[in-house]
1. Take the residues of region B:20-45 that are out of contact with any strand residue (DSSP E or B) (no Cβ under 9 Å at 6 or more places or on another chain) and assigned to a helix (DSSP H, G or I): which is nearest to residue B:298 (Cα to Cα)?
2. For residue A:156, are the conditions met, namely being within 24 Å of residue B:250 (Cα to Cα), part of a helix (DSSP H, G or I), of a type in the set (Asp, Glu) and open to solvent by less than 50 Å² (accessible area, probe 1.4 Å)?
3. Among (1) part of a loop (DSSP other than H, G, I, E, B); (2) open to solvent by 40 Å² or more (accessible area, probe 1.4 Å); (3) of a type outside the set (Lys, Arg); (4) more than 18 Å from residue B:252 (Cβ to Cβ), where does residue B:48 come up short?
4. Condition test on residue A:126, is it in a helix (DSSP H, G or I), within 22 Å of residue A:58 (Cα to Cα) and either touching a helix residue (DSSP H, G or I) at 6+ places or on another chain (Cβ under 6 Å) or of a type in the set (Val, Ile, Thr) (or both)?
5. Restricting attention to helices (runs of 4 or more DSSP H) lying wholly within region B:220-301, give those where 3 or more residues are facing chain A (nearest Cβ under 8 Å) and within 26 Å of residue A:109 (Cα to Cα).
6. Give A:37, A:97, A:7, A:68 a once-over and let me know the one that is closer than 27 Å to residue A:139 by Cα, hydroxyl-bearing (Ser, Thr, Tyr) and touching a residue at least 12 places away in the same chain (Cβ under 8 Å).
7. Does region A:197-212 include one or more residues that are in a loop (DSSP other than H, G, I, E, B) and more than 8 Å from chain B (Cβ to nearest Cβ)?
8. Please verify whether residue A:24 is farther than 27 Å from residue A:140 by Cα, open to solvent by less than 30 Å² (accessible area, probe 1.4 Å) and away from chain B (no Cβ under 14 Å), treating the condition exactly as stated.
Amino acid sequence: MPIHEQSLIRPENLTTHEEKIIDGIDVSGHWSTFIESRVVTDYNEQMEDEIAALPGGEFIHRCWQCGSCTNSCTVNAVNPEFNPRFWIYLIRMGIESELIRDKDIIWQCVSCNKCTYACPRDVYPEGVMKATSHWLELKGHTPQSPSAIFDEVCTDQIVDTGKIEDGRTLRRFMQKTGQSLLQDWIVAMIKQLVSHLPVSLLAKMGLSTLIAPRTSGWSGARRALKRYIEEQQTEQQMAVNPVVAGEEKH
Amino acid sequence: MPTDQKNYKKVAYYPGCALEGTGHAYNRSTKAVGKKLGLDLVEVDNWNCCGAMEVKNVDPKIQTYLSSRVMSITANEMDMDVVMAPCNGCYHNLKKAEYELANDKESAEVVERLSKEAGHETYKAGQVETIHALDWIKHTIGEDGLRERVKNSLSGMKIANYYGCMYTRPRHIFPEKDAGPGSESTYRPHFMDDLLEAAGAENVEFPLKTACCGGAHTLSDSDMSTKLVLNILRAAEESDAEVIATECPTCHTGLEMHQIRAEKTLGVKTSVKILYFTQLLGLALGLKPRKVGIQENISSSTDFLKEKGLA
């Protein structure tokens with residue numbers, strides 16, 4: 001599938017002067033149309049380093065811009081605006097304002113790893129997508145995405161009990177994202193399931209949503225993981241927002 | 001050692017969280033098939049979650065630690081050297097942890113620190129070999145072995161084999177794949193095709209074997225998942241398949257859930273059946289539908305199986 005390429009030339013980047021005379025020649029109207037130029041201060045030179053400091057972003061510097069990632073991308077096939085190659089270009093150039101235009105879709109990467117499979121330079125674009133959406137949140141450009149909320153719901157549960165329980169995950173996620181559990185399709189699914197599920201299994205599943213399954217002797221791991229996660233979060237804040245993170249520390 | 005001479009007759013069994021929840025039918029059918037084939041599964045003691053699809057987004061090294069703990073118990077407490085994980089997510093994560101521990105010093109240091117603080121032995125790369133349920137049956141029983149044992153042939157059943165993402169990608173964590181004749185292919189996986197064909201089924205030419213079902217966003221971006229699942233369901237139907245055979249609880253549940261959701265939200269109805277490959281193999285080996293958890297699937301396939309003389 002060919003890559004749907006993005007253009008940096010858009011109506012809002014074009015300037016036309018109604019009355020313009022240059023060197024005595026009248027170039028009013030479309031004769032004076034030009035693309036607004038970027039100046040050095042428009043570039044965020046730290047952006048690549050900041051994203052490279054987050055988990056998954058480490059190898060962004062290897063990119064050759066071949067486009068294999070976008071070409072193989074599952075999400076790109078559904079939404080042509082989803083373009084990993086283009087975002088990696090913007091990040092490496094430091095064109096923050098352009099990247100932010102797509103801030104609401106970058107988190108939609110489904111982690112299918114087709115890009116990682118196709119990438120000839122081992123950039124691990126899947127990781128770069130995760131690091132980039134993480135960066136957008138840490139910088140305050142976007143609120144926490146539904147995907148990040150889901151990651152948190154699952155991770156908290158694992159750190160706490162050692163395991164994931166599906167019913168609990170569903171309930172907590174819907175609650176945290178302000179959605180009703182009584183969606184048409186969830187109700188239809190549960191009705192179908194209950195209609196032929198053996199009673200004994202039904203009872204077992206009901207019980208496990210009340211009493212979460214646990215890994216026994218997990219307290220040591222729980223403590224270790226909590227401490228490690230806290231350290232990592234502080235480190236990531238330092239890498240992305242050194243001033244803010246530093247002030248909070250003191 | 002050539003792959004077909006491996007001995008997986010007795011292996012550690014790591015069901016993982018999904019197989020104790022929504023993927024219950026996969027757990028039941030895997031155990032039933034193992035028993036029927038005379039293979040010994042010893043469940044990993046006091047196992048924990050491998051990190052699923054989500055923990056790596058918080059920090060990949062935590063996922064590496066979680067998976068390493070499972071392998072550490074297998075090697076150091078149970079004294080076994082092969083662990084079998086039927087779930088693609090678990091299988092993938094254990095493989096990935098193995099790769100990271102062998103190749104990334106920082107990951108190894110974090111795992112060592114967390115293992116010490118948690119109070120168990122640190123897993124060292126190379127102690128355990130992780131295999132999938134497909135490897136397990138393919139290498140111990142094989143197609144010829146299956147053919148001899150089939151009681152109810154799946155003949156006349158048209159199957160689209162769906163492998164999903166985590167079983168083949170990214171390639172670097174599966175060094176044993178793409179290793180010449182007899183090995184699995186990451187580009188065109190065929191182990192499930194081989195086994196079901198030996199059980200008598202007719203595999204259709206299915207172009208979306210390794211397409212993504214959007215499992216990572218099954219709840220967080222449901223519209224995307226529904227679109228991706230619908231692609232898979234429609235492609236299977238257009239390939240003339242009656243059944244999609246699955247080998248991953250996340251894919252399986254995703255296909256079932258979004259088949260219903262597509263009907264409810266987009267008004268698109270598809271009727272292709274979705275069954276775990278272990279359920280199909282179990283039926284072929286003469287097990288009753290109840291024994292392979294047919295009634296535990298969300299969508300009912302009882303009428304279809306009756307029609308085929310398998311229920």
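The values are calculated or read from the model by the stated rules, or taken from the named source; none is laboratory data. Given the structure is predicted, the values throughout are model-derived calculations rather than measurements. As a convention, Cβ positions derive from the backbone with ideal geometry for all residues, glycine included, and neighbour counts pool all protein chains shown. Note: accessible area is taken over every heavy atom of the protein model, side chains too, but ligands, DNA and RNA are not part of it. Shrake-Rupley method; radii C 1.70, N 1.55, O 1.52, S 1.80 Å.
1. Among residues in region B:20-45 that are out of contact with any strand residue (DSSP E or B) (no Cβ under 9 Å at 6 or more places or on another chain) and assigned to a helix (DSSP H, G or I), the one nearest to residue B:298 (Cα to Cα) is B:24.
2. no
3. (2)
4. On the way: in a helix (DSSP H, G or I): yes; within 22 Å of residue A:58 (Cα to Cα): yes; either touching a helix residue (DSSP H, G or I) at 6+ places or on another chain (Cβ under 6 Å) or of a type in the set (Val, Ile, Thr) (or both): yes.
Answer is yes for this residue.
5. Working: elements: B:222-238, B:249-261, B:277-284.
Hits in region B:220-301: B:222-238, B:249-261.
6. Working: A:37 fails: touching a residue at least 12 places away in the same chain (Cβ under 8 Å); A:7 fails: touching a residue at least 12 places away in the same chain (Cβ under 8 Å); A:68 fails: closer than 27 Å to residue A:139 by Cα.
One residue alone meets the criteria, A:97.
7. Among the residues of region A:197-212, at least one is in a loop (DSSP other than H, G, I, E, B) and more than 8 Å from chain B (Cβ to nearest Cβ), which makes the answer yes.
8. Considered against the rule, which asks whether it is farther than 27 Å from residue A:140 by Cα, open to solvent by less than 30 Å² (accessible area, probe 1.4 Å) and away from chain B (no Cβ under 14 Å), residue A:24 comes out as no.
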